[in-house]
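Below is one structure, written out as structure tokens; the observations come after it.
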Amino acid sequence: MTTDQIAQIVVFFTGVSSLWCLASQDPKYRMWGGLIALIGEPFWFITTYTNKQWGIVILVFIYAANYLRIWYKNWQAHSAASNPNSTFYQHFEKEVEFYNKKLEKQNYDKFHL
């Protein structure tokens, strides 16, 4: 088996598993999706360099930067959501409270005309 074939197999598995995780609503799974995709990027580079696909080589670096951003932002969200003392968690609680009050008012107006 050639290096290119191994790289393409790794690209397939990291691509499929990262997309599965990135489609989740949970920041923890999206964080893992970004990390798995980031792990696959060197293999993308190997296969595109081997096949002299220079436009895709440039995209490898753009995708890697974005996957790094996805991982970092979801790591922050996951860390903040699991810490009740964080400002993210407190902001989220205030937002939920606001929408619950809004929903209660709508329901009250709907049934008490």
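Derivation of every value follows stated rules applied to the coordinates shown; laboratory data play no part. None of these values were measured; they are calculated from a predicted model. Ideal geometry is used to build each Cβ from the backbone, glycine not excepted, and the neighbour counts take in all protein chains shown.
Cβ under 15 Å from W75's Cβ, W75 left aside: what net charge do those residues give with Lys, Arg +1 and Asp, Glu -1?
Values: positive: K28, R30, R69, K73; negative: D26.
After counting each charged neighbour, the total is +3.
Expressed in nm to one decimal, what extension gain is obtained for the pair F61 and S24 from 0.36 nm per residue of sequence separation less their Cα-Cα distance? Walk me through the numbers before you get to the answer.
Values: separation 37, 0.36 × 37 = 13.32 nm, distance 2.44 nm.
Length gained, F61 through S24: 10.9 nm.
Under 18 Å from a label point 7 Å along Cα→Cβ of Q53: give me every residue in the stretch 1-40 with its amide N that close.
Counting only backbone N, you get 2-19, 37-40.
May I ask you to compute the full-extension gain from Y72 to S17, defined as 0.36 nm times their residue separation minus their alpha-carbon distance, rounded to one decimal in nm?
Values: separation 55, 0.36 × 55 = 19.80 nm, distance 1.82 nm.
That pair, Y72 and S17, stretches by 18.0 nm at full extension.
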